[in-house]
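See below for the structure under consideration.
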4 protein chains.
Amino acid sequence: MITTTTHLELFSATRKKTEEFCMPLATEDYVVQPVEFVSPPKWHLGHTTWFFEEFVLKNNKPNYSLFDEQFAYVFNSYYESVGEKVIRTNRGNLSRPTVEKIYAYREYVTREMVDFLKNNTISDELNAVIEIGIHHEKQHQELLLTDIKYILGNNPLLPAYHENFQEDLIEDIPQKWIHTEEGVYEIGAEKDGEFHYDNEFGQHKVYANEFFISNKLVTNQEYIDFMEAGGYENVLLWHAEAWDWINTEKIKAPQYWYKLNNEWHSYKLNGFEKINPNAALTHISYYEAFAFAQWKNLRLPTEFEWEIAQEKFNWGKRWEWTESAYLPYPNYKKAEGALGEYNGKFMVNQKVLRGGSIATANHHTKPTYRNFFHPNLRWQFNGIRLAK
Amino acid sequence: MITTTTHLELFSATRKKTEEFCMPLATEDYVVQPVEFVSPPKWHLGHTTWFFEEFVLKNNKPNYSLFDEQFAYVFNSYYESVGEKVIRTNRGNLSRPTVEKIYAYREYVTREMVDFLKNNTISDELNAVIEIGIHHEKQHQELLLTDIKYILGNNPLLPAYHENFQEDLIEDIPQKWIHTEEGVYEIGAEKDGEFHYDNEFGQHKVYANEFFISNKLVTNQEYIDFMEAGGYENVLLWHAEAWDWINTEKIKAPQYWYKLNNEWHSYKLNGFEKINPNAALTHISYYEAFAFAQWKNLRLPTEFEWEIAQEKFNWGKRWEWTESAYLPYPNYKKAEGALGEYNGKFMVNQKVLRGGSIATANHHTKPTYRNFFHPNLRWQFNGIRLAK
Amino acid sequence: MITTTTHLELFSATRKKTEEFCMPLATEDYVVQPVEFVSPPKWHLGHTTWFFEEFVLKNNKPNYSLFDEQFAYVFNSYYESVGEKVIRTNRGNLSRPTVEKIYAYREYVTREMVDFLKNNTISDELNAVIEIGIHHEKQHQELLLTDIKYILGNNPLLPAYHENFQEDLIEDIPQKWIHTEEGVYEIGAEKDGEFHYDNEFGQHKVYANEFFISNKLVTNQEYIDFMEAGGYENVLLWHAEAWDWINTEKIKAPQYWYKLNNEWHSYKLNGFEKINPNAALTHISYYEAFAFAQWKNLRLPTEFEWEIAQEKFNWGKRWEWTESAYLPYPNYKKAEGALGEYNGKFMVNQKVLRGGSIATANHHTKPTYRNFFHPNLRWQFNGIRLAK
Amino acid sequence: MITTTTHLELFSATRKKTEEFCMPLATEDYVVQPVEFVSPPKWHLGHTTWFFEEFVLKNNKPNYSLFDEQFAYVFNSYYESVGEKVIRTNRGNLSRPTVEKIYAYREYVTREMVDFLKNNTISDELNAVIEIGIHHEKQHQELLLTDIKYILGNNPLLPAYHENFQEDLIEDIPQKWIHTEEGVYEIGAEKDGEFHYDNEFGQHKVYANEFFISNKLVTNQEYIDFMEAGGYENVLLWHAEAWDWINTEKIKAPQYWYKLNNEWHSYKLNGFEKINPNAALTHISYYEAFAFAQWKNLRLPTEFEWEIAQEKFNWGKRWEWTESAYLPYPNYKKAEGALGEYNGKFMVNQKVLRGGSIATANHHTKPTYRNFFHPNLRWQFNGIRLAK
């Protein structure tokens, strides 16, 4: 558990960072929700603020008064056990509260939190909640970037977010297979003073067969080879649900890729550009990652293999799809009450991704960190590392 | 046909008026599209401008250069025969072009149009197109208001648009039945120097049976009586499709009505208020208008009866649902090319409304004006006048 | 009003005829419902029987006992005001009651009805209900044939219904325009001793402009010309909703048409055959009829024009789409209670068809008969007659 | 690998058994498909037959002629790489081929297979295919029973399948916790002469923590307690997707349960009866099994725990939901070609069930057998065994 002083610094830095990410946006960019899994930036700003108001200030800071009583049902996300919804609404339809009002809300809650952290003795239990709140906001920073990319990258004008944003990771080292012996390995996090989510805890033993994992990520060129070899047309490479999905959604290439004058281009946060063949592939679904591996007569690593071998390769620029389903570790315990909704309720029908991405907040990811998404989702900066 | 000078004035006044309607909006209000039939205000601003660029300036003004080549597919609405769409998109997902940019677009096109109107001899044919463009923009002024009402009225904060906006029409005169003799009547518009849409032309004879039409609109209180008598639960009052619709959509009251502390309230452009029982009912579908009439053992007038009798009662504050389907008049001719898409292509599965509303642009509606909507739509300021 | 004796004969003949239509079916053919608007033949057999049990025998025949109490909610169709549904079900999922049981039900109700008609004095009111019941069954005879065609014609084995069934009408007379003078005409049926539906009553005057109507129906060859001229690709010919529909449903030809070895074939009740170019076109939607007329620079007649001119041309082999929406005649009164659901509740969003078809029961259709369907439906034997 | 002689007996017995299961059906029961995951019995009869024709006889039996060339696309299920579909169709719409014809098809293929097995030397590879074909048919026997239950149990007449069919398993022994030590265990099947599916192979080591598993299944009474304690209303017990599912589908009790006169009843294959509180619960989804375990502060076992401990308790009457996702074992290899579609393509978004059920074919399930279904499916005879 980190100290309150560290909390104060980390809290302030995190709040500031979130706002910095939004600086390049026009007011209009804060508002739209082009697809259900993308949230409007203004909602991220409000929701991460509401977290501190709801779970920290409201019941703990003496004489705290809510910024606006109606904000609870506007910015509550999936915490079904908290609050009530009067008019059922869709985040992307909410023009009000305005962006300006939400910044005022942020400022108010940030100031109140700083005041609270400076002038109060905080219980260990509450400290843990504040720590979750900070890491919750760091998670939303990543979503903010990927959601902004979706919003701008699906606008017909394809406006750049920021010309200096660098997405590409050049993977031009020679491909090698890293070997790991069969045996029993420790997996998961211990209470070690650092922050971990509940889904990482319960360090436990796992038996792994001998395996080999690649030292590098799959590149754009390798994926182009797959496409040109008819990968999207060969039913035997795909899961049954994946085959339905690529046919229904007419998926023929990674997200944000467009063929222009017979050359592959893609939208990136710094604008619309030609594909760099040596850069690490990104914006593919688990389904595509799996089909690509099938085509290579290889496979994706499990999350355990990844965690066992991760010291021997570089990672952190792409969330790497694993073959593992997102399941509770043995003896997983979810938190009491509404915060128990944080992770456990998603432990079905999702796949684990390991690593981190160019959009992940600093110091947020770790070797034991378990990210998870539905197998068809592609808007995160994910990628493929092969195993055998 | 009005003269070019008049066009210039009417054009300038119309453009200005559209912008005045938007003055009370926050930037965010311009962006959202809560439901498919509502367009974001920024889209209305751009689309009415694109009309003049596409159908007037582009091919007629010497040396005209497009404000932005990409705007054509952003602001083209349903003119399927013009242009092409690169990324299929939904109006409510478009954060760019920004509102500021769209105002610059408006200013540019307005200035170019004024310059064009002042300094060029304009053919009768082109004059007709400009006239349609002006009236097209007036139609969008009404949609702008009703769409703003939908956007704000479905926001959980229920923000007012403008505190002085007056929606209510008090109908406190005694109810009387206006009598009309059986006979042959002239229906529709002649080329009379005033502007008419193509769907009004072709003046022609219609045979009407003797009929009686009410001198006043149905009030909120009368509709509350219908609701309290179980109107929404009595299947025999409803069309089959209407019954499915009210059950699927859980329709129990007019749009924007909410019961609070056992009293009916509604959202209006000036805010959330108690229902005035003597005001003319509004925001009901044709289906509800029909069921209400059935319950009264009366009926809705046809559009012909309405047109025949309209001199004998006051109208213009509510679009009045008629029993008539929206069909072409005998010898209806649609315009050549893309402008032919204006009216004719909607002449199926819609009902005619006659009159006008408190949101209708000045001098826009006329005794022969034919408005039309699908029978389930309620967000226009429509109402009920009974006949027998 | 026809006499009870005539009723008895007509009743018995109608019941028998319905069963004859089913003779070529395998038991399995009675069961399936490939699409919502098609009912399984066994349901038609049961539903037409239930009508007599529910509206005649149950409350009028002394000591009548229901064949099976549960059949009411199995065979009630849209009479929402009668009965209750315990398990919400879809007609096509009902394997029970078996076909054999339904024939037993028919036999029981037929016998009870005959007994009732022979041995009781029947009020005029009840006589009218029986008459409707008989005509209701005749309507279902036509649906039975078109539904059987849908069931067999969408089976990949394309089995014939009966090798002697003759669908084609050869239209090889020279095309002529039949002229009608402008004027006031009488439309609709009088109480004349013959059976009419409530939607035909209320004879009334209509004013018609001068018009011309074709002496013959559009042929397959004419429609092939339209297809080859790109009719399905030219947006300007179509209603907006029609354009969405043909693109969503990938409509490229009339229903049951397939191109084999570069020649058009179609499934007909006597089997799969090459198209006869001189036969009258059938199985097109109103949308396609309208687009075809647009392409010819002609139009469809209104139902009034059709009724005025019908004595001057042959009709009765194809239901002819008209431009008229299905609306109540002036002074239309629907019957009290559940039978009031018969026609009136469908008077929105449908188009009138006039004439009759090769599947229409003998003596069922008349010059004033108003058939109606949604504009996208094609499985009836409908066709096109042009006007100008 | 079993010998050809054994194959012959097993083949003949299996074919006969499938037909015996259908004896109580009316012809109509063979035809319907009330929901996508249920297949019509006639389809099961044809599909299991097609398997032998397609994968055995067609390419291996000298001079074999297909029973009917068109049956391939009628009875192919999900083998996307084989054959082609001319008219896209839904299994539940197919009245033809008739049931009689399908029995003739069965008889023909059975006879040809017997002849082939008797008079030919069969390669090991082909023998393996035949063995899969037999087990494939045994799997369909179970589906046949559960699909028949769905068809009859969703018919408003609730007809019994067979009065002697016994579904209930009385679990009236005292509840005990069976203890297993932490350690490394062997999981999966070896090539041991018995038949196993590809998904069981690759015996491998798994590390298990110490755990306890119940000696008995959850009973109806325990589940009623959960319902009465508000289990379906407490969001904290449910996965997020489960909560959406129970609310969208209005799930309030196990499938086939109905409350009548304030007592729980259910449809069983022997008819509609009162619930026996001591019988093992069945027809619940994984979502409900998980929520029930949460409510008990317990959990479901993993498939590995189940396999390790299974010798110490009775099983085989209910498929037991496990917490494990359906994933490939290490070194899983799918078969080449179309048979490779058998299992591997379903290894995403499904949960493993272990055990067997009262509908499982004799000698079909084993301690290593891995059944799998989507977490929302309830029509199999599944149940709950708790662990901690």
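Assorted remarks:
- For the protein assembly as shown, the dipole from Cβ point charges (+1 on Lys and Arg, -1 on Asp and Glu) about the Cα centre works out to 0 debye, to the nearest 20.
- Under the combined filter of DSSP loop state and at most 16 neighbouring Cβ atoms within 10 Å, region A:193-261 retains these GluC sites (Glu not before Pro): A:Glu194, A:Glu210, A:Glu249.
- With contacts taken as Cα pairs under 8 Å at a separation of at least 6 residues, chain C carries a relative contact order of 19 percent.
- Alpha-carbon spread of region B:107-211, three principal axes, descending order, Å: 54, 50, 21
- Packing-based exposure ordering (other Cβ within 10 Å, fewest first) of A:His374, D:His136: A:His374, D:His136
- Tilt relative to chain C, helix C:124-153 - C-alpha long axis, 0 to 90 degrees, to 10: 50 degrees
- Global dimensions of the protein assembly as shown from alpha-carbon coordinates: Rg and Dmax equal 35.9, 101 Å.
- Directionally averaged projected area (region A:311-388, Cα convex hull): 6.5 nm².
- Straight-line cross-link reach from B:Lys101 at under 16 Å between alpha-carbon atoms covers these aspartates and glutamates, not counting any fewer than eight positions away in the same chain: A:Glu28, A:Asp29, B:Glu19, B:Glu28, B:Asp29, B:Glu53, B:Asp68, B:Glu69.
- Net charge dipole, region C:177-383: roughly 520 debye, given to the nearest 20, about the Cα centre with Cβ charges of +1 for Lys and Arg and -1 for Asp and Glu.
- When the convex hull of its Cα atoms is projected in every direction, mean area for region D:140-298 (nm²): 12.9 nm²
- Cross-link pairs exceeding 23 Å in C-alpha to C-alpha distance, out of C:Lys191/C:Lys333; C:Lys17/C:Lys42; B:Lys366/C:Lys388; B:Lys345/C:Lys250, comprise B:Lys366/C:Lys388.
- Per DSSP, loop trypsin sites (Lys or Arg not before Pro) in region D:226-291 with at most 12 further Cβ within 10 Å: D:Lys250, D:Lys252
- Per-copy distances of the D:Trp177 label point, shortest first, in nm (7 angstrom along Cα→Cβ): 4.5, 8.2, 9.4
- Under 5 Å, built H, 5+ apart or other chain: amide partners of D:Gly383: D:Trp319, D:Glu320, D:Trp321
- Normalised per residue, the volume of the convex hull around the Cα set of region A:177-383 (Å³): 143 Å³
- Our coupling estimate for region C:59-68, obtained by passing each phi through the Karplus curve with A = 6.51, B = -1.76, C = 1.60 and θ = phi - 60°, is 9, 10, 8, x, 6, 5, 10, 4, 5, 7 Hz, Gly and Pro reported as x.
- Long-range HN-HN contacts of C:Ser324 with modeled amide H, under 5 Å: C:Glu303, C:Val352
- Value at 222 nm in deg cm²/dmol, rounded to 500, when DSSP H runs of n ≥ 4 in chain C each add -39,500 (n - 2.57): -10000 deg cm²/dmol
- 0 to 90° range, to nearest 10: angle between helix C:99-119 axis and chain C longest Cα axis: 70 degrees
- For D:26-38, mean number of other protein chain Cβ atoms within 10 Å: 6
- 3J(HN,Hα) along region A:238-246, derived from phi through the Karplus expression 6.51 cos²θ - 1.76 cosθ + 1.60 where θ = phi - 60°, amounts to 10, 4, 4, 5, 5, 4, 4, 5, 5 Hz, with x in place of Gly and Pro.
- When D:Asn331 is represented by a point 7 angstrom out along its Cα-to-C-beta vector, the spacings to that point in the other copies are 3.1, 8.9, 9.2 nm, nearest first.
- Debye intensity ratio I(q)/I(0), log10, region D:4-153, q values 0.13, 0.14, 0.17, 0.21 Å⁻¹ (C-alpha model): -0.57, -0.66, -0.97, -1.43
- Rg to Rh, two decimals, where region D:121-172 supplies the alpha carbon set and Rh follows Kirkwood: 1.24
- Share of Cα-Cα pairs in chain C lying beyond 27 Å, as whole percent: 53 percent
- Scattering curve values for region A:257-347, log₁₀ I(q)/I(0), Debye with Cα scatterers, q = 0.12, 0.13, 0.22, 0.25 Å⁻¹: -0.62, -0.70, -1.20, -1.30
- In this assembly of identical copies, the label point of B:His162 (Cα plus 7 Å along Cα-to-Cβ) is separated from its counterparts by 4.0, 7.1, 7.8 nm, sorted shortest first.
- Between the amide H of C:Phe201 and those of C:Ala189, distances stay under 5 Å, these residues lying 5 or more places away or on another chain, with hydrogens modeled in the peptide plane.
Just so you know, all these numbers are worked out from the coordinates, no wet-lab data involved. Keep in mind that this is a model prediction, so the values were computed, not measured. Here the Cβ is made from the backbone with ideal geometry for all residues, glycine too, and neighbour counts use every protein chain on show.
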